[in-house]
1. What's the total number of residues in region 36-58 that are over 16 Å from residue 201 (Cα atoms) and either free of Cβ contacts under 8 Å to residues at least 60 places away in the same chain or not assigned by TED's automatic domain parsing to the domain that holds residue 99 (or both)?
2. Could you check region 199-228 and list, in sequence order, the residues that are assigned to a loop (DSSP other than H, G, I, E, B) and more than 16 Å from residue 253 (Cβ to Cβ)?
3. Answer yes if at least one residue in region 63-75 is closer than 26 Å to residue 211 by Cα and either buried (at least 22 other Cβ atoms within 10 Å of the Cβ) or more than 12 Å from the ligand (Cβ to nearest atom) (or both), and no otherwise.
4. Based on what the data block shows, is residue 40 within 17 Å of the chain's Cα centre (by Cα) and within 11 Å of the ligand (Cβ to nearest atom)?
5. Just for helices (runs of 4 or more DSSP H) wholly inside region 92-172: which have at least 1 residues that are crowded, with 16+ Cβ neighbours inside 10 Å, assigned by TED's automatic domain parsing to the domain that holds residue 46 and of a type in the set (Lys, Arg)?
6. With respect to the numbered conditions (1) more than 17 Å from the chain's Cα centre (by Cα); (2) on the phi > 0 side of the Ramachandran plot, which one is the sole condition not fulfilled by residue 173?
7. Within region 232-256, can you find the residues that are without any contact (Cβ under 8 Å) to a residue 60 or more places away in the chain, surrounded by 11 or more Cβ atoms within 10 Å (Cβ to Cβ), in contact with a helix residue (DSSP H, G or I) (Cβ under 7 Å, 6 or more places away or on another chain) and of a type outside the set (Val, Ile, Thr)?
8. Given the options 7, 22, name the one that is farther than 18 Å from residue 109 by Cα, modelled with pLDDT of 95 or more and either of a type in the set (A, V, I, L, M) or not in a strand (DSSP E or B) (or both).
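The values are calculated or read from the model by the stated rules, or taken from the named source; none is laboratory data. Predicted, not measured: the structure shown is a model, and the values here were computed from it. Positions of Cβ are backbone-derived with ideal geometry, glycine not excepted, and every protein chain shown enters the neighbour counts.
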Amino acid sequence: MATVLLEHPAAHVALLRLNRPEARNALSPELREELRDHFLALAHDADCRAIVITGDASAFAAGADIKAMADIGPAEMMASDDEANWAAIHNCPKPIIAAVDGYALGGGCELAMSADIIVAGESATFGQPEVKLGIMPGAGGTQRLTRAIGKHRAMLMLLTGATMSAGEAFAAGLVSQVVDDDRTVEAALSLASKIASMPPIAVAEIKRVVLAGMDASLDTAIMLERRAAYLLFGTHDKNEAMNAFIDKRKPVFSGT
Ligand code: CAA
């Protein structure tokens, strides 16, 4: 049975469902490899313009699979080349929306934070409890959480394993939107469809500049922004969008 299920619920939208309900969608080595393969394929799928990733009602993902990690040491961790699995997600040029219900803990919280937008059901719980296991986040948790919510709230969570509710995560800036629990995937799919209806090259450039610019100096980031913004003036979709506005009609985007 596949540990990640791929669906195409709407035009240009892919939905990835983590499928280990018996283990709260813990990220087993097999699941991470399947996720990697899906993200690599979707990155190159011209028909895909937005990706939603979700778990089930009880867990988005409860972190790395503790049972698979209990007996392994640093050499095996390094040999597993898990960085490549995560890189496929972090380097994916398509917008990613995490639809989070239930627990998003450890690697599960890191997976949610790898998305560009996080939609949370009101009962969702976020946390990085690795410290309780004698380890620490290893897939960007210390850095992405700190960038999202600031040093002092991140330290509180990372050093104590304290969790945040969806409402707290929204107030802290970790979550983009909180919705009723039974509407999480629907709300994420609706956002995905809206993004998929936008000119794809503009969407890709906005994602690229936001992510690259976050780690650059302001001057460098603004230079990146300006170059990308000028380049978009060379696309057919820019001409189509502006002419459609002037002609008072709906634009039809070709992704060129
Ligand atoms: N790894 C492996 N199995 C897990 C798991 C995990 N991370 N989380 C849950 N499971 C399994 C449980 O062992 C249990 O299996 P059995 O039925 O065979 O006993 C099943 O899923 C259901 O779990 P619970 O009975 O515990 O369910 P619950 O609803 O009472 O609690 C929970 C849910 C709060 C998520 C709890 O399971 C929990 O605390 N899980 C561990 C969370 C955690 O510490 N995550 C960090 C992992 S380390 C990491 O992620 C860092 C990294 O990348 C290297």
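1. In the first step, residues of region 36-58 are kept if they are over 16 Å from residue 201 (Cα atoms); the result is 36-41, 52-58.
When the remaining residues are screened for being either free of Cβ contacts under 8 Å to residues at least 60 places away in the same chain or not assigned by TED's automatic domain parsing to the domain that holds residue 99 (or both), the result is 36-41, 55-56, 58.
Of the residues in that region, 9 qualify.
2. Quick first cut of region 199-228, residues assigned to a loop (DSSP other than H, G, I, E, B) only: 199, 215-217.
Those that are assigned to a loop (DSSP other than H, G, I, E, B) and more than 16 Å from residue 253 (Cβ to Cβ): 215, 216, 217.
3. Kept after step one, since they are closer than 26 Å to residue 211 by Cα, are these residues of region 63-75: 63-64.
Among the residues that remain, those that are also either buried (at least 22 other Cβ atoms within 10 Å of the Cβ) or more than 12 Å from the ligand (Cβ to nearest atom) (or both) are: 63-64.
Checked region 63-75: at least one residue is closer than 26 Å to residue 211 by Cα and either buried (at least 22 other Cβ atoms within 10 Å of the Cβ) or more than 12 Å from the ligand (Cβ to nearest atom) (or both).
4. Numbers: within 17 Å of the chain's Cα centre (by Cα): yes; within 11 Å of the ligand (Cβ to nearest atom): no.
No; evaluated as a whole, the condition is false for this residue.
5. Values: elements: 107-113, 141-149, 151-160, 166-172.
Filter on region 92-172 gives 141-149, 151-160.
6. Among (1) more than 17 Å from the chain's Cα centre (by Cα); (2) on the phi > 0 side of the Ramachandran plot, residue 173 violates only (1).
7. 232, 237, 238, 251, 253, 254
8. On the way: 7 fails: either of a type in the set (A, V, I, L, M) or not in a strand (DSSP E or B) (or both).
Checking each option against the conditions leaves just 22.
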